[in-house]
Amino acid sequence: MAAKLLPVLKLATKVTIAGGVLYVTYDSGLLGGSEQGSEVLGKAKAAIPPAVDEWVKYFGFELPAVPKMGFSPVEAWNSGVQSSISALSSGPTALGGYTNQGLQYLKDLTK
């Protein structure tokens, strides 16, 4: 009986954790618009360093300093998303052009 109950219990635990994460994400506004996302990011940037400092003092170990980055990951991410969407949106037109070129090539071969 316990062998059959363990997989069900594991699944229920995973579903509960995933549901909780989804609820917290939705409740905090991360699934909303960009203004809400920026607000939540500002709150997180203000709340995380004091929490980390508290845990460091509690456990008594020192964390290395956060490295300074010469580029913004947010801007790099946004440019990557824009490039991907641009490629996907021009894909059908480019595919049609390549198809026409291929057909023309085949017509030229058969002449």
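The values are calculated or read from the model by the stated rules, or taken from the named source; none is laboratory data. Bear in mind that the values here come from a model prediction, so they are computed numbers and not experimental data. These accessible areas exclude ligands, DNA and RNA; they are computed on the full protein's heavy atoms, side chains included. Shrake-Rupley method; radii C 1.70, N 1.55, O 1.52, S 1.80 Å.
Give just the number: which of (1) open to solvent by less than 100 Å² (accessible area, probe 1.4 Å); (2) assigned to a helix (DSSP H, G or I); (3) modelled with pLDDT under 80; (4) not aliphatic (A, V, I, L, M) does TRP77 not satisfy?
With respect to (1) open to solvent by less than 100 Å² (accessible area, probe 1.4 Å); (2) assigned to a helix (DSSP H, G or I); (3) modelled with pLDDT under 80; (4) not aliphatic (A, V, I, L, M), TRP77 is out only on (1).
Going through LYS43, LYS68 one at a time, which residue ends up being in a helix (DSSP H, G or I) and open to solvent by 70 Å² or more (accessible area, probe 1.4 Å)?
Selected residue: LYS43, the only one of LYS43, LYS68 that is in a helix (DSSP H, G or I) and open to solvent by 70 Å² or more (accessible area, probe 1.4 Å).
I need the full set of residues from the range 17-36 which are open to solvent by less than 100 Å² (accessible area, probe 1.4 Å) and farther than 24 Å from ASN78 by Cα, in order please. Talk me through it step by step, then tell me what you get.
Narrowing the range 17-36 to residues open to solvent by less than 100 Å² (accessible area, probe 1.4 Å): 18-21, 24-25, 28-30, 32-34, 36.
Matches in the range 17-36: ALA18, GLY19, GLY20, VAL21, VAL24.
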